[in-house]
Structures are given as structure tokens and as C-alpha cells.
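Here the structure comes first, spelled out in C-alpha cells, and everything after it is commentary.
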Amino acid sequence: MTRTEFMAALRSRLSHLPAEEQDAALRYYEEYFDEADSEEEAARQLGSPADIAARILGENAQQQTAQPQMVPPQPAQPPKPKHSPWFWVGITALCIFASPFLLGLAGAALGLLIGAAAVVLALVVAVICPFLMLSVTMLATFVLCLYLAAGALGVFTPGAVLLAGIGLLCGALGVLSGIFTGYLCYWTGLLFGKLFRSCGRRKGAKA
Amino acid sequence: MLLTVNATLLDACVLATLEKGDTYGYRITQELAAGIGASESSLYPVLRRLQKDGRLTTYDVAISGRNRRYYRLTPQGKQALDAYRAEWIEYKRRIDEIFAQATEEENHDAH
């Protein structure tokens, strides 16, 4: 490829570039040929004009896309309010006009809650009380039997032993029942504690 | 050469060439082609970009009836070159370290 052919090919491929860029590039390669001892050798070294043009075009495209980054960043716009003031006016009006309904709803919810608590309490009492009564009765029987057995000891020994046995059995049952009642009370306490705490949390979340 | 110079390193090499003194396109191209095997076709875009970035300037000198365009390192270009140098020292150290590890392991395996 001769110098003329090389330069013509390069010129035609750079024709889309701004005139300034074209001139600078063509000038550089003209000078390159001027400096070289042999123009054929220079053309051989430089290779294909298409390849050179592609590099120059690529570099220009990169700079054009990179240029917007050099522009100082725009001052950040203040964040847009999410809702217009009218939205909040509307919400407030709705709250006021719907208050009878909302209060009724809240009252119903509170009533339900109290009712549920009462049911639970009643159930618990209904379960605990028999065991408590059983425990008290058994312990009372234990005391009574031992008292009677002590009285009968000299008079009718086998009866006294029988009474004492019954008394001890009742006593054991009474103690067991008492322990179970204690556990029931403890579990109930835990249950109510959780219930009140969760209620408190819900109220806290509402507030 | 098996290992080739990437675009950033080529920028640094051009700046380093100009640090030795102002010179013109053909000379830079020849020097870098001989020195690191840079292709003759790759130098112009680099010079043009460095010029646009303000790392080098050009001036024309009349010679045998025509103008020869000389390139000169700007203070900004010198600053960039210093940064590249520091970066290169660190890069070289890391590569050396990795290569040294490989040799040590080889010696270890041999014993």
C-alpha cells in the first residue's frame, strides 16, 4: 500500500469525526510518513488503515461517553414529599367523621378481649377449685383419722391401725393434690402474665 | 514478547518517554515499538487522549520546509507519571512475591 492509498483510506474512514479530530489524526500520519526513511516501510509498519481508524473512532466514542462524567455532579434535589398536604387533611377528616364507628369497633374489641379473659379465668378456677377442695378435704380427713386412731388405740387396736392407714392414705392424697393445685396456680399465673404482656405490647404498638 | 503492555501501562510509558525530553510522534512510536513492542498503529490514539486530558501539550517546530509536532509533558502529566511509578513499584512487588512463592514451593517439593 502506498502512502497516498493509506491516507485516502484513513481519511474516508474518519469522515464521520469532527473536522478537528480528522485533521489531527491525518496530520499525525502524514508526519509519520515524512519522518520515515521509506514510505513503503512506514505503511507496512502502520498496518491496515481500517484498523487504525477503528482505534481512533473507538477512542473518540469512549471520550464522548466519558465526558458526561466530567461534568460536576448536579446538586442533589430535595426528596419529594411522599404525600401532599391534602392527603393528610383527608386522612384527618376521615378519622373525625368515622370516629363513632371506630370507637364502636374499639369498644367491641375491648369487650371481646375482656370476655375472653373472663372465660379463661372461669375455666381455670373451675379446674383449680376441685383440686384445692380435694386437697383440703383429704388433709382434714388425715387429721381426723389420726385423731380417732389415737383415741381408739387402747380400746380397739385393729380399728385404730385401719383408721391410721386410711388417715395416712388421705394425707398422701391431700399432699399430692396440694402440690398439683400449686402447679395449676403457677401455670395459670404464667398464662395470665403472657396474656397481659401481649395485650400491653399491642397497646404499646397502637400508641 | 509474551507479556504485553496494557493501555494504562502504555500511557505511563509514553509519559516516561517524554520525561526524558520533548520529542515527536515518529520518535516516540519507534522508541516504544523497539522498547516494549508497542504496535505503531496504537500510539496516535494514546497521544491524542493524553493531550486532551492535559497531560501533554504539543508545539510545532519548522524543519526542512514542514512542521514537526513535538510533545511535551505538562506538570499534570508529570504528576500522573509519578503516580504510575508508585503504582508500578507496588504492582511489581506483588508479582515478584507471587513468583517467589511459586519457586519456593517448587524447591520445597524437590526436597
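The values are calculated or read from the model by the stated rules, or taken from the named source; none is laboratory data. Only a predicted model underlies this, so the values are computations on that prediction, with no experimental measurement involved. Here the Cβ is made from the backbone with ideal geometry for all residues, glycine too, and neighbour counts use every protein chain on show.
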Step by step: first the residues of the range B:27-42, then only those that are at pLDDT below 90 and of a type in the set (A, V, I, L, M, F, W, C), then the one that is farthest from A:Q64 (Cα to Cα). Which residue is that? B:A34
Condition first: surrounded by 11 or more Cβ atoms within 10 Å (Cβ to Cβ) and either away from chain A (no Cβ under 12 Å) or at pLDDT 95 or above (or both). Can you find one or more residues in the range B:93-111 that meet it? no
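Residues are listed down the side, and each one gets a yes or a no for (1) surrounded by 11 or more Cβ atoms within 10 Å (Cβ to Cβ); (2) more than 57 Å from the chain's Cα centre (by Cα); (3) within 30 Å of A:I91 (Cα to Cα):
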position	(1), (2), (3)
A:L102	yes, no, yes
A:G115	no, no, no
A:C129	yes, no, no
A:V136	yes, no, no
A:G151	yes, yes, no
A:Y186	no, no, no
A:R201	no, no, yes
If I filter the range A:23-47 down to residues being in a helix (DSSP H, G or I) and more than 12 Å from every other protein chain (Cβ to nearest Cβ), which single residue comes out as surrounded by the fewest Cβ atoms within 10 Å (Cβ to Cβ)? A:E40
Subset of the range B:34-92 (residues that are part of a loop (DSSP other than H, G, I, E, B), within 11 Å of another protein chain (Cβ to nearest Cβ), of a type in the set (G, A, S) and surrounded by 12 or more Cβ atoms within 10 Å (Cβ to Cβ)): B:S39
Got a number for residues in the range B:1-22 being surrounded by fewer than 16 Cβ atoms within 10 Å (Cβ to Cβ) and hydroxyl-bearing (S, T, Y)? 2
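Tell me the residue from A:F142, A:F101, A:F87, A:F131 that is in contact with a Phe, Trp or Tyr (Cβ under 7 Å, 6 or more places away or on another chain), without any contact (Cβ under 8 Å) to a residue 60 or more places away in the chain and in a helix (DSSP H, G or I), please.
The conditions single out A:F131.
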